Structures are given as C-alpha cells and as structure tokens.
Amino acid sequence: MSKIYVVGIGPGEYEQMTMRAANALKSCDVIVGYTVYVDLVKEHFAEKEFLTTPMRKEVDRCELAFEEAAKGKTVAMICSGDAGVYGMSGLMLEIGQRYPQIEVEVIPGVTAATGGAAVLGAPLIHDFALISLSDLMTPWEKIEKRLLCASEADFVICLYNPSSKKRHDYLQKACDLMMQHKSPDTVCGTVQSIGREGEHMEVMTLKELREKQVDMFTTVFIGNSQTKNIGGRMVTPRGYQY
Ligand code: SAH
C-alpha cells in the first residue's frame, strides 16, 4: 500500500524537528511542500526528489502528493510547525477519501505557539486560546467574536497570521477588541522568525502592542490578568504557592 506522511517540520531550524518527523523524511522518496518550507529542509535531505507549489495552491499541492503516491512512491507532505494547526492534515484526509488505496499518517510538530512561548518564557502555561487573524477563510465577524469571548473569559490569547500586506491594521483592531475586556497594561509578547535566522522577541504591554507593526512571520501573545513580566520574560503563573 502506498503511503503519505503529513509532516509538521517545526518552526524552522532542523534541531526543532522531531525525530519521528526526520525519520519520515529520511524514509520517503518525494518531499512535497510550499517553496519556503522545502527550502528549510532541503540541505538535510538533499538526495530526495522535491516538488513545490506556491502559496494559496493548497488543493493542487495535496492532489500532487496523492498522484505521486499513486505511482507507488512514499511521499512526505511537509508543513511548518504542526500540520494540524492551520496546516494541511485536514485537507489531506478530506482529499484522501478519493484515494482509499493510499494510507495517510500524520506526524506532529512543534507549533509556533509552543516554539514562541519557549522563547518568551512561559506565557501559555495556563488555559489559552489560539486565534488566527486571517479572514481568508473565516469571516472577520467570527474572528471578532472569538477575540471578545476569549478576552472576557480571561484566556491567554495566542495570535497567528497577525498581519499581511492587505491586513496591516488587523492587529490594531484586535487589540482594541481585546481591550474591551483586558487591561491596557496586560503583559504581551511577540516573537518573529521562531527557530529561524533573525529570531527576535519583545515583551510589552497591550497598549504598546496596539502601536506595533508586525509581519506575517510573527506570533503574538497576549497574557491573562495574572501574566507578569519577569526580567523581560513573559510568565503566566500556574498558581503554585512558594
Ligand atoms: N502550521 C503552522 C502555522 C501556520 S499559520 C504552525 O503550526 O506553526 C502561519 C502563522 O503561524 C504565521 O503567520 C505566524 O503567525 C505563525 N508562525 C509560523 N511559523 C512561525 C515562525 N517560525 N515564527 C513566527 N511565527 C510563525
């Protein structure tokens, strides 16, 4: 039976890839992915065949993976971070219904939330909500509602896709919504290029975050009412007495 691994390669550097992911890439014939992610793994798996498709061509990319597997090859479809967090594992399983002879195995990875949390300190140690600000496939009204409800419930909030060329003011809009329930002094953090060249973190308040311009390679963290800045690191207490 032909096989496709859907592999989360972690946030960037090879050292943050799990051994199970690296073994899957070692054992496959073809690696399929978005150009940027293929470039991240190429040097470690140089002998493999690589097939790339551009951003926004996700359905084509999945079909390409199944077509290759149907030829009898073992295929790895790679995603950054975890393939099950705004990644391709769902679409692969949906399209896989058309290819019952091909087995799909999902291999987890370090997602930007946990990769970035480690850089900042320990912001996510309690209940948190992960929200994407991208309204490409989710109506903005739903994103607004999720931001408001998560803020009202005092969740730590982690934001993916905080900005793009067309959405340069979305983070500002999100901060205004969160400030309806969270204090402007709430401790926040940003991490750019987690596990990649130029990795950069900053800790600030929610009102400072509102004035910041971030890019699409940044993950944003908004604390709960207990989150502290401890010597420049972002720490949410779990509640231990000491
Ligand atoms: N599957 C990926 C998420 C894809 S959504 C994962 O599990 O990490 C893309 C968003 O994830 C980006 O806009 C950014 O907010 C975040 N992201 C992914 N990789 C990142 C990295 N190396 N550094 C900072 N943010 C990252």
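Are there any GluC sites (Glu not before Pro) in the range 153-242 that are in a DSSP loop and have at most 15 other Cβ atoms within 10 Å? List them by number. The partial results should precede the final answer.
Values: sites: Glu197, Glu199, Glu202, Glu208, Glu211; in loops: Glu197, Glu199, Glu211.
Those satisfying the criteria are Glu197, Glu211.
Under DSSP H, which helices of the chain have Cα atoms covering 24 Å or more of the helix axis and a Kyte-Doolittle average no less than -0.5? Working shown, then result.
On the way: long enough: none.
Going by DSSP H runs, there are no hits.
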Cα-based shape type of the range 167-206, given that a ≥ b ≥ c are square roots of the gyration tensor eigenvalues and the cut on a/c is 1.5: oblate
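Go ahead and estimate [θ] at 222 nm for the chain from helices alone: -39,500 (n - 2.57) per DSSP H run with n ≥ 4, summed, over the residue count, rounded to 500. Present the calculation step by step, with values, prior to reporting the outcome.
Values: 8 runs with 73 residues, N = 242.
It comes out at -8500 deg cm²/dmol, rounded to the nearest 500.
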Added length on full extension, which subtracts the Cα-Cα distance from 0.36 nm per residue, Ser2 to Asp215: 72.8 nm
Where labels lie 7 Å past Cα in the beta-carbon direction, separation of Thr138 and Lys26 in nm: 3.7 nm
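Please give the contour-minus-distance gain from His44 to Thr205: 0.36 nm per residue of separation, less the Cα-Cα distance, rounded to one decimal in nm. Display every interim value, and only then the final one.
Values: separation 161, 0.36 × 161 = 57.96 nm, distance 3.96 nm.
Residue separation times 0.36 nm, minus the Cα-Cα distance, leaves 54.0 nm.
Could you pull out the pairs from Lys182/Lys228; Lys26/Lys71; Lys57/Lys173 whose alpha carbons sit more than 25 Å apart here? Please report the intermediate quantities before stating the final value.
Working: Lys182/Lys228 14 Å; Lys26/Lys71 19 Å; Lys57/Lys173 29 Å.
Cα-Cα > 25 Å for Lys57/Lys173; rest within.
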Amide hydrogen neighbours beyond the local backbone of Gly121, cut-off 5 Å, H modeled: Met234
Asp169-Glu152 pseudo-label distance in nm [points 7 Å out on the Cα-to-Cβ vector]: 2.6 nm
³J(HN,Hα) computed for each position of the range 74-79 - Karplus, 6.51 cos²θ - 1.76 cosθ + 1.60, integer Hz, glycine/proline x: 8, 10, 10, 9, 9, 9
Highest-fluctuation residue, Ile230, Ile222, Ile107 considered, GNM on the chain with Cα pairs under 10 Å: Ile230
Around Asp185: net Lys/Arg minus Asp/Glu count, Cβ-Cβ under 13 Å: +3
Residues in the range 62-87 that a label on Leu93 would reach, taking backbone N under 13 Å of a point 7 Å out along Cα→Cβ: 83-87
Whether the range 127-242 is rounded, prolate or oblate, judged on the alpha carbon gyration tensor where a/c under 1.5 counts as rounded: oblate
Interchain or long-range residues, amide H under 5 Å from Glu105's placed H: Ile4, Tyr5, Val6
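Evaluate the charge dipole of the chain about its Cα centre and quote only its size in Debye, nearest 20, assuming +1 on the Cβ of each Lys and Arg and -1 on the Cβ of each Asp and Glu.
Working: 26 positive and 31 negative charges, 51 e Å.
Roughly 240 debye for the chain.
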Potential lengthening between Gln241 and Ile125 on full extension [0.36 nm per residue; Cα-Cα distance subtracted]: 40.2 nm
Packing rank of 31-42, 142-153, where each peptide gets the mean count of other beta carbons within 10 Å, highest leading: 31-42, 142-153
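Just the C-alpha atoms of the chain: what Rg/Rh do they give, with Rh taken as the Kirkwood radius? Provide the component values of the computation, followed by the final result.
On the way: Rg = 19.2 Å, Rh = 18.9 Å.
Ratio value, two decimals: 1.02.
With charges set only on the Cβ (+1 for Lys and Arg, -1 for Asp and Glu), what does the dipole of the range 4-66 come to about its Cα centre, in debye to the nearest 20?
Numbers: 7 positive and 10 negative charges, 27 e Å.
Charge dipole, the range 4-66, about its Cα centre: 120 debye, nearest 20.
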Within straight-line cross-link reach of Lys145, aspartates and glutamates at Cα separation under 15 Å, skipping those fewer than 8 residues along the same chain: Asp135, Asp154, Asp176
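No lab work stands behind these numbers, since they all come straight from the coordinates. Nothing here was measured: the structure is a model prediction, and the numbers come from that model. In this analysis, Cβ positions are derived from the backbone assuming ideal geometry, glycine residues included, and neighbour counts consider all displayed protein chains.
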